[in-house]
Amino acid sequence: MTATEPTVDETIAIRNPANGTQVGSIPVHGPSVVAEKAARLRTAQQEWEAIGPVERGRWLRQWQDWAFDNVDHLTDVLISEAGKSRRDAGVEIVATATMPTYWADNAATFLKASHPKAHSPLYQNKRFTTWYRPHQLVGVISPWNFPFALPCMDGIPALAAGAAVLLKPSEVTPLSGLEIVRGWNEIGAPPVLDVVTGYGATGAAVIDNVDYLQFTGSTGTGRRVAVACAERLIPFGLELGGKDPAIVLADADLERAANGVLWGGLFNSGQVCVSVERVFVEAPVYDEFVAKLTEKARSVSQGAAGDIGAMATDTQRDIVARHVGEATAAGARVLTGGEPTGVGTYFAPTVLADVDPTMTCMTEETFGPTIPVIKVADEHEAIRLANQSEYGLSASVWTGDVARGERIATRLEVGAVNVNDAMTNIFCPNVPMAGWKESGLGHRAGGDAGLLKYCRPQAITAPRTPTMKSELLWYPATDRKTGMLLKAMRLVNAQGWKRKFGR
Ligand code: NAD
């Protein structure tokens, strides 16, 4: 959701959704401020690229130290703007702070030039080099659900690659983005990281000024962002919505499965793109699993000092309430929760049974603390229903046979599958986090690919041996010279004698 767009430049009041108190205010940056900041970043980027990955890694490590040294303050800021519980906020800050060293440690290896072999003996006299130059300025547009983690998860590998980065956090939760940049400046790092604040129009101005755009947000906005990037012919990555399935098989450790599905569905009050939003349970264990899940959900506490916090916005809470209302009107049963609670935007942890796959709680992204459960005959039905979604972000499979879980993973139409665990891959930058179908384009992280996506590969060919005055293809061309070359190409690369000799 985005707050109402203003017609004139103004400030945005930031409120804690858990209690409505104003906790800050930010300017709405217009196109000229965005352009000025982008120009300054471009200037600073040249030196940043020149110092190389090892030196850049030193700054990333210093920023990581700063983040660990300031965990309590950063957690407070995050709670104040997003209404999270202290536990959820703490996980976000600390887990994010573990990642800069991964990019600092590996950037030099990932960026190393390679010398690929020639595809044909005719090019043996060439030395081939592929190397990588960063895009000069990367824009990172983020949503409100992980205001600290997402700008970092995208911005840090871009910085490690040698790009400058301009952040545009959500207008709902911009304060953590400001903190990220404050920390960068406080450690005295080169001025290659900055932030602009505002609504969608500010995000649009970012797209107008950058060379690569990494967007995280809703699928609807993602489409608009893709069109804007296409107009400018700049590359982009999209991390969009999800409707992640969990498949619980009859051979699973049901205690672990119930605990894992509960956490995967309720962490951050379900406001996670990879939150468990659909659960398919094999018939023989359905009743037992649902009973365990419901009992555990009843014991999840809410509040800043509890397990989970508030919803980030009124609109988000209302979407959750609508999905629950529409499900119950169509015959689903609320086993626990099902309603807003307390003041602010809290919604009770909810388990829904007797759900069918056509209900909105199964077809639309809910982004809330609700866990709808469906009974399935067997793994084949579970896979079919799990794949029956326009989204394809990630999934989990719960089974006593890990090899079976990995086999099922290969049949799921999603970018990541966690066997006997939930959401693990998002904490691990060595593997990609990629949305398939309407969940995105491209990927976040993923080892070398997570850094090289912020670069342009450049090919260099150079002679290994002294060169002739001319080449067979150069002018003046003759049929004889061209013919000789084409015959040689066939001879060395075509398969089978008939093709080699053109007969
Ligand atoms: P949103 O799409 O409303 O907004 C995201 C960002 O885009 C905000 O900063 C907003 O100001 C900006 N924006 C809006 N219009 C724009 C435009 N025309 N041009 C450029 N920028 C524009 O998303 P939201 O409601 O803040 O976040 C929730 C969504 O994010 C959910 O759908 C969730 O699944 C998704 N999400 C995805 C991932 C992932 O990695 N796949 C992670 C977290 C959240």
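The values are calculated or read from the model by the stated rules, or taken from the named source; none is laboratory data. Just so it is clear, the structure is predicted and the values come from calculations on it, not from any experiment. Neighbour counts are summed over all protein chains in view; Cβ atoms, including those assigned to glycine, are modelled from backbone coordinates with ideal geometry. When the accessible area is computed, the model is the full protein with side chains, heavy atoms only, and any ligands, DNA or RNA have been set aside. Shrake-Rupley method; radii C 1.70, N 1.55, O 1.52, S 1.80 Å.
Give the residue that is nearest to PRO349 (Cα to Cα), with candidates limited to residues of the stretch 82-116 that are among the polar types (S, T, N, Q) and in contact with a strand residue (DSSP E or B) (Cβ under 6 Å, 6 or more places away or on another chain).
Our first condition is that a residue be among the polar types (S, T, N, Q); within the stretch 82-116, this holds for 85, 96, 98, 101, 106, 109, 114.
With in contact with a strand residue (DSSP E or B) (Cβ under 6 Å, 6 or more places away or on another chain) added as a condition, the list becomes 85, 114.
On the way: SER85: 14, SER114: 52 Å.
Out of the qualifying residues, it is SER85.
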Can you tell me which residue among VAL414, VAL397 is within 15 Å of the ligand (Cβ to nearest atom) and either surrounded by 17 or more Cβ atoms within 10 Å (Cβ to Cβ) or not in a loop (DSSP other than H, G, I, E, B) (or both)? VAL414
Test ASP88 against the criterion of being without any contact (Cβ under 8 Å) to a residue 24 or more places away in the chain and closer than 30 Å to SER269 by Cβ, and give yes or no. no
Residue that is nearest to VAL172 (Cα to Cα), among those in the stretch 234-259 that are away from the ligand (no atom under 11 Å from the Cβ) and open to solvent by less than 10 Å² (accessible area, probe 1.4 Å): PRO245
From the set of residues in the stretch 96-125 that are in a loop (DSSP other than H, G, I, E, B) and open to solvent by less than 40 Å² (accessible area, probe 1.4 Å), which is farthest from VAL71 (Cα to Cα)? SER120
So ASP314 clears everything in (1) open to solvent by 40 Å² or more (accessible area, probe 1.4 Å); (2) touching a helix residue (DSSP H, G or I) at 6+ places or on another chain (Cβ under 8 Å) except one condition, right? Which one? (2)
Looking at the stretch 481-489, can you tell me whether even one residue there is β-branched (Val, Ile, Thr) and either open to solvent by 60 Å² or more (accessible area, probe 1.4 Å) or assigned by TED's automatic domain parsing to the domain that holds HIS115 (or both)? no
Among the residues of the stretch 1-29, what is the count of those that are modelled with pLDDT of 95 or more, within 18 Å of ALA205 (Cα to Cα) and open to solvent by less than 80 Å² (accessible area, probe 1.4 Å)? 5
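Here's the yes/no breakdown for (1) within 15 Å of the chain's Cα centre (by Cα); (2) among the aromatic types (Phe, Trp, Tyr):
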residue: PHE427; (1), (2): yes, yes
residue: LEU441; (1), (2): yes, no
residue: ARG456; (1), (2): no, no
residue: THR478; (1), (2): no, no
residue: LEU486; (1), (2): no, no
residue: ALA494; (1), (2): no, no
Please find, among THR221, THR202, the residue that is open to solvent by 40 Å² or more (accessible area, probe 1.4 Å) and within 10 Å of the ligand (Cβ to nearest atom). THR221
Do the conditions hold for GLU339, that is, is it at negative phi, touching a residue at least 40 places away in the same chain (Cβ under 8 Å) and open to solvent by 40 Å² or more (accessible area, probe 1.4 Å)? no
Return the residues of the stretch 267-307 that are of a type in the set (Ser, Thr, Tyr) and either under 31 Å from the mean Cα position of the chain (by Cα) or open to solvent by less than 10 Å² (accessible area, probe 1.4 Å) (or both); say none if nothing qualifies. SER269, SER275, THR294, SER299, SER301
For PHE128: the one exception among (1) open to solvent by less than 10 Å² (accessible area, probe 1.4 Å); (2) in a strand (DSSP E or B); (3) more than 16 Å from the ligand (Cβ to nearest atom); (4) of a type outside the set (Val, Ile, Thr): (1)
For the stretch 467-497, give me each residue that is within 30 Å of TYR132 (Cβ to Cβ) and in a loop (DSSP other than H, G, I, E, B). THR467, GLU471, LEU473
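Please specify each residue of the stretch 417-458 satisfying the condition of being in a loop (DSSP other than H, G, I, E, B), of a type outside the set (Phe, Trp, Tyr) and farther than 22 Å from ARG278 by Cα.
Result: CYS428, PRO429, ASN430, VAL431, GLY442, HIS443, GLY446, GLY447, LYS453.
Residue by residue, here is whether (1) within 14 Å of the ligand (Cβ to nearest atom); (2) open to solvent by 30 Å² or more (accessible area, probe 1.4 Å); (3) over 30 Å from ASP88 (Cα atoms) holds:
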| site | (1), (2), (3) |
| --- | --- |
| PRO134 | no, no, yes |
| LEU175 | yes, no, no |
| ALA189 | no, no, no |
| VAL195 | yes, no, no |
| GLY198 | yes, no, no |
| ASP208 | yes, yes, yes |
| ARG232 | yes, yes, yes |
Of everything in the stretch 159-173, what is open to solvent by less than 10 Å² (accessible area, probe 1.4 Å) and in a loop (DSSP other than H, G, I, E, B)? Give them in sequence order. GLY162, ALA163, PRO169, SER170, THR173
Go over the candidates VAL324, VAL343 one by one and state the one that is at pLDDT below 95, away from the ligand (no atom under 16 Å from the Cβ) and not aromatic (Phe, Trp, Tyr). VAL343
The condition from (1) of a type outside the set (Lys, Arg); (2) away from the ligand (no atom under 16 Å from the Cβ); (3) outside any loop (DSSP other than H, G, I, E, B) that GLY265 misses is numbered (2)
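Taking the stretch 152-173 only, how many residues are more than 10 Å from the ligand (Cβ to nearest atom) and touching a Ser or Thr at 6+ places or on another chain (Cβ under 7 Å)?
Looking only at that region, the number is 1.
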